[in-house]
Amino acid sequence: MKIMKKNVLFPVACFLMAAPLLTSCHDDVDSSTAENTTIHTYSLVADGANALQQEPATRALKEDANHKIKSEWGGQDDILAYVVGGDDLHTANYSYITNRNLGGKSNFDGEIASSAALTTNSEIAFLYPGKAAQGNNRTITPVTETEERSSLYHEASDKTQDRVELKLTEQDGTAETIGERFDFQWTKQKPKKVEGKKVDVSLGELKRIVTIWGLRFTDENNRPLENIDSIYISNVKGSDIFDLNSGEYIDKNEEDEVMNIVLKPKTGKKFSSKDGNYTYVAFIPGAYTDVVVTAYVGGKVLQRSYNSLNFETGKVYRSDILKMEDTKQKAFVEVQGIKWATGNFIHYEENGQEYWGIAPAQWWISRRAVMLNSSRKEVSSGGILQSSQFESGPEQTTDDVDLFRFGSIAKALSFTGIAGLDVWGQTEISQQISSDGKHGDIAWYYTKDNKRKYRMPTETELKSLYTVANVIPAYCYTDKGTIVYGAFFTNNSTNDADKRKKAFPTKAKRYDKYTNVTALVRANKGLFLPITGRRSDGAAKIGYRDMVYSLGAYGQYMSSTAAAMNWDFFFGPTEWNFSKNSKGQAKAIRPVFIEESSTGSDNSFAPFANIK
């Protein structure tokens, strides 16, 4: 039998989830190998005859005409092999064994490396599918624990490790692809026989360590959904760290976990539930709360929410999600008992129409979509469409404003010179307007006569996000397909700061630590504050919005409370603080909802008609 050795390189991951333009990757991991390390290489033959469990089981997953999942070993199937315990050997490549036969009589062979001589007491971990740990689009990545944070946290490694990240956050909804990249299965065995450089082992029964869920949908009229553009499964675990030695997921490492999965069909295809078709998703098992399933169909966003769902390890579930409901943007989202507006306060002009008020979406920032060239400067064509979070030196323009000075109303659109320093000397301005109407709470000023009325948040209200609410780094897709990064806050029902989930700061350019919360934001399931930066006193240029900046960008959100200086909330890749700052700095405002009255009107604004 021919022996094959596979070499798969693991460069340190420069994660570019929703990759920005011209970012760089800095390798902080020591890639050197220890001197005088002895590497023992063995020819490994593994019997896979008993590894196939009951259907649906180990590879390859396929759906028959009756929508039943079938599975069998495929030719050239790979299984990752790793000697665990003792002196671990950290090389650039994992070892792999490859299937040489088809069907239940499968035998696997390959070469395996070890830092110690193998015996029948040695332990070898096997993780399937091996191909998922290879190539640029791998879903198995070696990681190491880092000491730089107070909580348990892992970083990608360019060397083999006994811990790996299993990433299931982006899938295409088919059983076949799950089998190839996401149907993770594990076992650990001792060799049956070691003769010289030849090792024989039985794989035994591989344990599936994920859950598979088949979904079918109907619309509000109970008709099977067709032409589905994408599906989001929110608040189920799409990424976690797995221990090859114990066969268990690492516990108490919430910052490593991504609670979101996006299903997008293969190019040129759409998802459909017609004729009984299922869309499949694999994820990490567990008991989950507030699960949201979202289907994007043309301009509609159809959703179903579940208070709690429990998924057991290794099982396959099928669900018919009936009468999906089209979602509408609400007046507020409630976090820590405070009714936050579903958008920042903005000024916007387009085609001769002017708008002052709440942004049409939580992700809205000025210059949400600009064409940028290789120097990250705006061009009319030939660039890449990006948000201003990846623009070099963006400037605020009067037609698209999302940063304001403390108490400035009449001169809010004056950015430079003396007018750009205009502020109000009051210490608490929530719902306050000066007698001449030129200064005060700008959110209240422009909404007090509407049906929906808003005001600036007080120091105490804004501070609840800083001290108590759960928060994760997150991003949303805009109506233009660009990406806006920020922080996503949810209610901490314990009101105990020590029991909150807090994953800030992230370090600069760690885009992999941000979760896609577009569907949750559309479902009004949490508060998303974009990273907006700030304008210096009397300046039009926006600073600290640049997500490529090595020292970090940040969101700076203004409260209505001030002394000589204004109380602001900061968060971002290198920031997490609540501090006093100049009133002349222009900052973001996320208003608080007061009431929806029977009088007044909220006029529709045509440029926002297609934005949800």
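The values are calculated or read from the model by the stated rules, or taken from the named source; none is laboratory data. Everything numeric here is computed off the predicted structure, so don't read it as measured data. Ideal geometry is used to build each Cβ from the backbone, glycine not excepted, and the neighbour counts take in all protein chains shown. Side chains included, ligands, DNA and RNA excluded: accessible areas come from the protein's heavy atoms. Shrake-Rupley method; radii C 1.70, N 1.55, O 1.52, S 1.80 Å.
Compute the relative contact order of the stretch 279-407 as a whole-number percentage, counting only Cα pairs closer than 8 Å that sit 6 or more residues apart in sequence.
Relative contact order comes out at 15 percent.
Rounded to the nearest 20 debye, what is the charge dipole size of the chain about its Cα centre when +1 sits on each Lys and Arg Cβ and -1 on each Asp and Glu Cβ?
With Lys and Arg at +1 and Asp and Glu at -1, about 820 debye.
Please give, to one decimal in nm, the separation of the simple spin-label points placed at T177 and N222, each 7 Å out from Cα toward the Cβ.
Modelled inter-label distance: 3.2 nm.
Give K167/K266; K207/K269; K480/K612; K62/K315 a once-over and call out the pairs whose C-alpha atoms are over 22 Å from each other.
K207/K269
Would you kindly find the accessible area of T342, with a 1.4 Å probe and non-protein molecules such as ligands, DNA and RNA excluded, rounding to the nearest 10 Å²?
Looks like 10 Å² after rounding.
Within straight cross-link reach of K197, meaning Cα distance under 12 Å, which aspartates and glutamates are found once same-chain residues fewer than 8 apart are removed?
E111
Under a 5 Å amide H to amide H cut-off, with H placed in plane at 1.01 Å, what residues pair with V297 once short-range neighbours are removed?
The list, which skips near neighbours in sequence, is D229, L302.
Solvent-accessible area per residue for the chain at a 1.4 Å probe radius, Å²?
Roughly 41 Å² per residue, with all protein chains present.
Relative contact order for the stretch 217-366: what is it in percent, counting Cα pairs under 8 Å that are at least 6 residues apart?
The value is 23 percent.
Taking the full set of protein chains and a 1.4 angstrom probe, give the accessible area of Y466 in square angstrom, rounded to the nearest 10.
Y466 has an accessible surface of roughly 60 Å² with all protein chains in place.
Treat every Asp and Glu Cβ in the stretch 370-414 as -1 and every Lys and Arg Cβ as +1, leave all other atoms uncharged, and give the resulting dipole magnitude about the Cα centre to the nearest 20 debye.
140 debye
Quote the charge dipole size of the stretch 333-406 about the Cα centre in Debye, to the nearest 20; the model charges only the Cβ of Lys and Arg (+1) and of Asp and Glu (-1).
280 debye
Show me the ranking of peptides 368-375, 386-393 by mean Cβ neighbours inside 10 Å, starting with the highest.
Final packing ranking: 386-393, 368-375.
Which ³J(HN,Hα) values, rounded to whole Hz and listed in residue order, are derived for the stretch 557-563 from phi using the Karplus coefficients 6.51, -1.76 and 1.60 in 6.51 cos²θ - 1.76 cosθ + 1.60 with θ = phi - 60°, glycine and proline given as x?
10, 8, 9, 8, 9, 8, 10
Determine ³J(HN,Hα), in whole Hz, for all residues of the stretch 274-291 in sequence, where each value follows from phi through the Karplus function 6.51 cos²θ - 1.76 cosθ + 1.60 and θ = phi - 60°; x replaces Gly and Pro.
Each residue's phi maps through the Karplus curve to give 5, 6, x, 5, 9, 10, 9, 9, 10, 7, 7, x, x, 9, 10, 10, 6, 6 Hz.
Tell me which of Q432, S392, F608 sits at the most positive position along the dipole axis of the chain, charges placed on C-beta atoms (Lys, Arg +1; Asp, Glu -1).
After comparing all options, I get F608.
Using 0.36 nm per residue of separation minus the Cα-Cα distance, give me the extension gain between T460 and D320 in nm, one decimal.
Result: 45.9 nm gained on full extension.
First compute the accessible area of the chain with a 1.4 Å probe, then give the percent of it belonging to carbon and sulfur atoms.
44 percent
So for each of 107-118, 267-278, 512-523, 301-312 I average, over its residues, the number of other beta carbons within 10 Å; can you give me the resulting order with the highest mean first?
512-523, 107-118, 301-312, 267-278
Which of the lysines could a cross-linker bridge to K501, judged by Cα under 17 Å and excluding same-chain residues fewer than eight apart?
Within the straight-line limit of under 17 Å, K501 reaches these lysines: K237, K252, K463, K513, K525.
List every residue whose amide H lies under 5 Å from the amide H of S560, counting only residues 5 or more places away in sequence or on a different chain, with H placed 1.01 Å from N in the peptide plane.
When sequence neighbours closer than 5 places are left aside, the close amide H contacts are T458, E459.
Given the C-alpha centroids of the stretch 335-376 and the stretch 249-299, what is the distance between them in whole angstrom?
First find each Cα centre; the distance between them is then 28 Å.
Sequence gap at least 6, Cα distance under 8 Å: using those rules, report the relative contact order of the chain to the nearest whole percent.
Relative contact order here is 12 percent.
For the stretch 481-600, what does the alpha-carbon gyration tensor say about shape, rounded, prolate or oblate, given a ≥ b ≥ c as the root eigenvalues, a/c under 1.5 as rounded, and a/b over b/c as prolate?
Since a/c stays below 1.5, the shape of the stretch 481-600 is classed as rounded.
If you average the C-alpha positions of the stretch 467-533 and of the stretch 196-220 separately, how far apart do those two centres end up, in angstrom?
32 Å
Quick check: the distance between the Cα centres of the stretch 398-433 and the stretch 592-612, to the nearest angstrom?
Taking the Cα centre of each part, the stretch 398-433 and the stretch 592-612 sit 23 Å apart.
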